[in-house]
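Participant: I am attaching a structure below and will ask some questions about it afterwards.
The values are calculated or read from the model by the stated rules, or taken from the named source; none is laboratory data. Computed from a prediction, not measured in an experiment: that's the story for all the values here. Glycine gets a Cβ as well: all are built from the backbone with ideal geometry, and neighbour counts include every protein chain shown. Only protein heavy atoms, including side chains, enter the accessible area calculation; ligands, DNA and RNA are left aside. Shrake-Rupley method; radii C 1.70, N 1.55, O 1.52, S 1.80 Å.
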Amino acid sequence: MLDALTVAIGVAALALAAWCGHAAWRDQPTKDWHFIGMAVVTVLVLAQLVIGLVMLAQGEKPDEGTVIFVAYLVGAFAAVPAAGLLSLTERTKWGSITVVAGAVVLAVLEVRLYDIWGTTGA
C-alpha cells in the first residue's frame, strides 16, 4: 500500500498515546485538544481506508488475502474513534488511558496492515 502513510499513521498514533499518557500521568481526563489530535489521526486513517479500497478496486491484491486486509482497515479506522467515545464516558484519568490503549492498538494494526499487504503494492 502506501508505506509513507502507514508509517505516518503509526507515528501519529504513538504520539497521541504519549500525549494522552502524559495527561493520565497528571491525573487529567481527555481535553478538547486531545480530541483534535484524535480527529487528525482519524482523518489519516480515513485516507488510508479510502486508498486501500481504491487499490483493491483497481485489482491490486494483498499478499495475505483481501478479506483480512479489509477487516484490518476497518478495525484501524474504528480504533481511535471508539477509544475517544469511551473516554467521553469516563471523565477521569482512565478516559485518557483508554485513548492511550486505542492509539497503541492502532499502531500495532498499522504494522499488521503493512505485513498483510506485502510487497505487491505501490
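Participant: For the chain, take the longest principal axis of its alpha carbons; what is the angle in degrees between that and the long axis of helix 32-57, to the nearest 10 within 0 to 90?
Facilitator: Between the helix axis and the principal axis of the chain, the angle is about 10 degrees.
Participant: Here's another thing I want to ask about it. To the nearest 20 debye, what is the magnitude of the charge dipole of the chain about its Cα centre, counting +1 on the Cβ of each Lys and Arg and -1 on the Cβ of each Asp and Glu? Write out the running numbers ahead of the final one.
Facilitator: Working: 6 positive and 9 negative charges, 82 e Å.
Rounded to the nearest 20 debye, it is 400 debye.
Participant: Continuing with this model, one more query. Rank Gly75, Gly84, Gly102 by mean-square fluctuation in a GNM of the chain with C-alpha springs under 10 angstrom and give only the top-ranked residue.
Facilitator: Answer for the Gaussian network model of the chain: Gly75.
Participant: How much accessible surface does Trp19 have with a 1.4 Å probe, in Å² rounded to 10?
Facilitator: 110 Å²
Participant: Where Lys and Arg each count +1 and Asp and Glu each count -1, what net charge lies around Met55 among other residues with Cβ under 14 Å from its Cβ?
Facilitator: On the way: positive: Lys61; negative: Asp3, Glu60, Asp63.
The answer is -2.
Participant: Shifting gears a bit: Can you give me the % of accessible surface on region 8-47 that is carbon or sulfur? Probe 1.4 Å, all protein chains present, nothing else counted. Don't jump to the answer; show the numbers that get you there.
Facilitator: On the way: 1600 of 2180 Å².
C and S fraction of accessible area: 73 percent.
Participant: Can you tell which of Leu5, Ala76, Val111 lies farthest toward the positive end of the dipole of the chain, using +1 and -1 charges on the Cβ of basic and acidic side chains (Lys, Arg; Asp, Glu)?
Facilitator: Of the listed residues, the answer is Ala76.
Participant: Hey, what's the chain come to in accessible area per residue, 1.4 Å probe, Å²?
Facilitator: Values: 6410 Å² over 122 residues.
I get 53 Å² per residue for this part.
Participant: Which of Thr30, Thr66, Thr98 ends up with the largest GNM mean-square fluctuation for the chain, with Cα atoms connected below 10 Å?
Facilitator: Maximum fluctuation in the GNM of the chain, among the listed residues, is at Thr66.
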